[in-house]
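J.: One structure is given below, represented as structure tokens, and several questions about it will come after.
The values are calculated or read from the model by the stated rules, or taken from the named source; none is laboratory data. Worth saying up front: this structure is predicted, and the values here are computed from it rather than measured. Counting neighbours? That spans all protein chains shown, and the Cβs are built from the backbone with ideal geometry, glycine included. The protein model used for the area step is the full one, side chains on, heavy atoms only, and it has no ligands, DNA or RNA in it. Shrake-Rupley method; radii C 1.70, N 1.55, O 1.52, S 1.80 Å.
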Amino acid sequence: MIISFSQIVTESRQMRREGKPFVIAGPCSAESEEQVVETVRQLASTGRVKLIRAGIWKPRTRPNSFEGMGEPALYWLKKAGRQFQLPVAVEVANASHVEAALRAEIDVVWIGARTTVNPFSVQEIADALKGTEIPVMIKNPVNPDLQLWLGAAERISNAGITSIAAIHRGFSSFSHSVYRNEPMWEIPIAFRLAMPDIPMFCDPSHISGKRELLSLVAQRAMDMGMEGLMIETHPSPDLAWSDARQQILPQSLGILLEGLVIRQEMEGSEAIDRDELLELRSKIDDIDERIIDLIAARMEVSRAIGVYKKEHGLSIFQLERWMEILRTRKSRGAHLNLSTEFLDRYLEQIHSESIAHQTRIMNPGKNDGEILW
Ligand code: PEP
Ligand code: MN
């Protein structure tokens, strides 16, 4: 059963119009033949799942955790897929995984987040895939590095694989947040800009880390125009041997999917009043132009200040002035409905660009103004 992602893209766009995203589901890990068959049986009965997933070799962050059932589980999965006429996918992390998956006639493989970070491993997988036509899904690397993600897609594509999809599963961070992995939606968007022909699915399970957040993240993914969803499901989620907190019953997946609002993409959507949208967009174009002109004007003043500081032997960075800028701008922004988080990021960017301009004035020809703090 060969499935092709270009076919999936066409199909998933049609499905979106019908309010039904492309869904990949299955347990985090295959634990026993009974668990695999039961999960696939229940998922098949929802009528909403197009591809079954299960982890066979589990890349665990810490040792002494369940590391997967290994090769025999490939055959449980394939057999269950055949029984319910659904293609099946597993994670591969090295050449021997690829060879075992191909021997078991697995339909799709995916590269996990901990593997995408390592070009040696990705190349090893790419080499093992040469000469096959198996579709490959590539999760984003655990760290927020777009180039590694794109590089992995290029390596797989250079190996002759034509059916490639990307999976956004969020990015790990040291700080605690409501998410297990920060979504950083701008990164999958940048991936799609760079490789528009590769469909992008979202994995709300690994972003959320807990089932309470799943539908929120799944809805956001749909609003961001993702082609589909990968969601972990288990017949007894609380008893799962890995990722228990984020897995849901196949039946709950059905309910979650029913609750999603699938808004239409522009093409093919008749409900949109285009004139009104065009008018609003032209306002945005106008405002963006003014913002850029103003930023350029601000930098010009900043350079003049740089000249003054140089002539008077003053250092570029002035803590008190910076604190005053932060305080006054944030208080103004707060009154205008701008979030503190956004203002922090914006002011920091503006400030470091100003400093770069002044650094060039202070040290002409010495560097390109890169700030190293
Ligand atoms: C998984 O899909 O179970 C998995 C290990 O995911 P990730 O590579 O996104 O951590
Ligand atoms: Mn998992």
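J.: Run the reach check for K310 against lysines, Cα to Cα strictly under 24 Å, same-chain hits fewer than 8 apart removed. What comes back?
T.: K366
J.: Of K50/K139; K139/K283; K58/K139; K20/K139; K78/K210, which sit over 26 Å apart, Cα to Cα?
T.: In this structure, K139/K283; K78/K210 lie more than 26 Å apart at Cα.
J.: List, in order, the whole-Hz ³J(HN,Hα) value for each residue of region 98-107 obtained from phi through the Karplus relation with A = 6.51, B = -1.76, C = 1.60 and θ = phi - 60°; use x for Gly and Pro.
T.: 4, 4, 5, 5, 5, 4, 7, 6, 5, 7
J.: Got a number for carbon plus sulfur as a percent of region 73-122's accessible area, 1.4 Å probe? Could you put the intermediate results ahead of the total?
T.: Working: 1000 of 1890 Å².
Reported share for carbon and sulfur atoms: 53 percent.
J.: Let me ask another. With just the Cα atoms of region 59-118, tell me how far they stretch along each of the three principal axes, in Å, largest first.
T.: Its Cα atoms span 35, 23, 17 Å along the three principal axes.
J.: Ordered by residue, what ³J(HN,Hα) values in Hz, to whole numbers, does region 70-87 give under the Karplus form 6.51 cos²θ - 1.76 cosθ + 1.60, where θ = phi - 60° and Gly and Pro are x?
T.: After applying 6.51 cos²θ - 1.76 cosθ + 1.60, I find x, 3, x, 5, 4, 6, 4, 5, 4, 5, 5, x, 4, 4, 10, 6, 10, x Hz.
J.: Another one. In square angstrom, what is the accessible area per residue of the chain with a 1.4 angstrom probe?
T.: Value for the chain: 53 Å² per residue.
J.: Ok, one more. With axes computed from alpha carbons, what is the tilt in degrees of helix 119-129 against the longest principal axis of the chain, rounded to the nearest 10 within 0 to 90?
T.: 40
J.: Something else: Mean residue ellipticity at 222 nm from the helices of the chain, using -39,500 (n - 2.57) per DSSP H segment of n ≥ 4 over the full residue count, to the nearest 500 deg cm²/dmol?
T.: Working: 14 runs with 188 residues, N = 373.
One gets -16000 deg cm²/dmol as the mean residue ellipticity at 222 nm.
J.: List the chymotrypsin sites (Phe, Trp or Tyr not before Pro) within region 132-181 that fall in a DSSP loop (any state other than H, G, I, E or B) and whose Cβ has at most 13 other Cβ atoms within 10 Å.
T.: The qualifying sites are F174.
J.: Still on this model: Please report Rg over Rh for region 278-373, where both radii come from the alpha carbon positions and Rh follows the Kirkwood definition. Numbers along the way, then the final one.
T.: Numbers: Rg = 15.7 Å, Rh = 15.1 Å.
Value, to two decimals: 1.04.
J.: Once neighbouring chains are kept in place and the probe is 1.4 Å, which whole percent of the accessible area of region 304-347 is contributed by carbon and sulfur?
T.: 57
J.: Another question, then. What does the convex hull of the alpha-carbon atoms of region 45-180 project to on average, in nm²?
T.: Taking a quarter of the hull surface, the average projection is 9.4 nm².
J.: Applying the Karplus parametrisation 6.51 cos²θ - 1.76 cosθ + 1.60 with θ = phi - 60° to the phi angles of region 54-61, what ³J(HN,Hα) value in whole Hz is obtained for each residue in order, glycine and proline being reported as x?
T.: For region 54-61, the Karplus curve yields 6, x, 10, 10, 9, x, 9, 4 Hz.
J.: Averaged across orientations, what area in nm² does the convex hull of the alpha carbons in the chain project?
T.: Here the figure is 22.8 nm², rounded to one decimal.
J.: Quick one: if you stick a label point 7 Å off each Cα along the C-beta vector at S177 and T10, how many nm between them?
T.: In this crude label model, S177 to T10 measures out at 3.8 nm.
J.: Between E348 and E311, what is the label-to-label distance in nm when each label sits 7 Å out along the Cα-to-Cβ direction?
T.: The answer from the label model is 3.4 nm.
J.: Would you work out what percent of the accessible area of region 187-280, with all protein chains in place, is carbon or sulfur (probe 1.4 Å)?
T.: Whole-percent figure for carbon plus sulfur exposure: 56.
J.: What share of the DSSP beta bridges in the chain is antiparallel, in percent to the nearest 5?
T.: The antiparallel proportion sits near 5 percent.
J.: If you don't mind, there's one more thing I want to ask. In cubic angstrom, how much convex hull volume per residue do the alpha carbon atoms of region 111-182 span?
T.: Convex hull volume per residue, Cα atoms: 70 Å³.
J.: Charges only on Cβ, +1 for Lys and Arg, -1 for Asp and Glu: so what's the dipole of region 62-181 about the Cα centre, in debye to the nearest 20? Can you show the working numbers first?
T.: Numbers: 11 positive and 11 negative charges, 71 e Å.
I would put it at about 340 debye.
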